[in-house]
Amino acid sequence: DYASSTQGGEIVLSQTSTSYHEEKVQAEGSGFKHWLSSWFQSPATREKINKSLHNRSQNVISPSKQPGSCWAFSGPSAFVTIDLSAEIVPNKFSLEHIMTPDLSNAPKDFRVSGWDSAAGRFVTLGEYEYSLRKNDVGDQVAGIKSFVCSQPECLNSYSRMRIDFVSNHGNEEHTCVYRFRAHGSPKGQQ
């Protein structure tokens, strides 16, 4: 997994949508009550709060998968950009959502793109659907799902990827993405 933060993958915050909790704090943070409460926090505490809110997108490439340790964003669509730990020729991607009582916030349709440095733009590597399946008793089941990279562009190597989440499974308020993985061969070793 070349996107994993434990392997050196990093979120490009300047090219990533705002997290749900960060938007909520920004919207609620304009009044006197917010100003007064922030006045009594130490600079270190304010920095820690801001960093934890801003790095929620980091959860998409982190191995810890506890309920709520997802990247949550407002509505059904957003994007995240990841600098991979190495330049790779991709062969598949994995997306994960854990089992929760309400799976309506799981991502559904998404697109993976790779940064083509020669062209100076992202090129589409594939468009996919993260579908929920039913178990033997008819309940929806989530988990890790893998998607093959089969576009002609998948024969090229990339060190940066962008994942555009287009829809979710019906939650109008927010979407949660627990993990994205990029698999492939390091450039020159395929």
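Looking for whichever is modelled with pLDDT of 90 or more, of a type in the set (Phe, Trp, Tyr) and open to solvent by 20 Å² or more (accessible area, probe 1.4 Å) here; the options are PHE79, PHE40, PHE93. Which one fits?
On the way: PHE40 fails: modelled with pLDDT of 90 or more; PHE93 fails: open to solvent by 20 Å² or more (accessible area, probe 1.4 Å).
When all the criteria are applied, what remains is PHE79.
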Can you spot a residue in the range 19-33 that is in a helix (DSSP H, G or I) and either open to solvent by less than 20 Å² (accessible area, probe 1.4 Å) or at pLDDT 95 or above (or both)? no
Could you please let me know if GLY120 is within 20 Å of THR16 (Cβ to Cβ) and over 17 Å from the mean Cα position of the chain (by Cα)? yes
Determine which single condition SER104 fails, assuming it passes every other condition in (1) in contact with a Gly (Cβ under 7 Å, 6 or more places away or on another chain); (2) part of a strand (DSSP E or B); (3) open to solvent by less than 50 Å² (accessible area, probe 1.4 Å). (2)
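May I ask you to verify whether SER57 is at pLDDT 85 or above, closer than 24 Å to GLY184 by Cα, of a type in the set (S, T, N, Q) and in a helix (DSSP H, G or I)? Walk me through it before giving the result.
Details: at pLDDT 85 or above: yes; closer than 24 Å to GLY184 by Cα: yes; of a type in the set (S, T, N, Q): yes; in a helix (DSSP H, G or I): yes.
Yes.
The values are calculated or read from the model by the stated rules, or taken from the named source; none is laboratory data. What you see is a predicted model; the values in this text were computed from it and never measured. Using ideal geometry, Cβ is built from the backbone for each residue, glycine included, and neighbour counts are taken over all protein chains shown. Areas reflect the complete protein model, heavy atoms only, side chains present, ligands, DNA and RNA absent. Shrake-Rupley method; radii C 1.70, N 1.55, O 1.52, S 1.80 Å.
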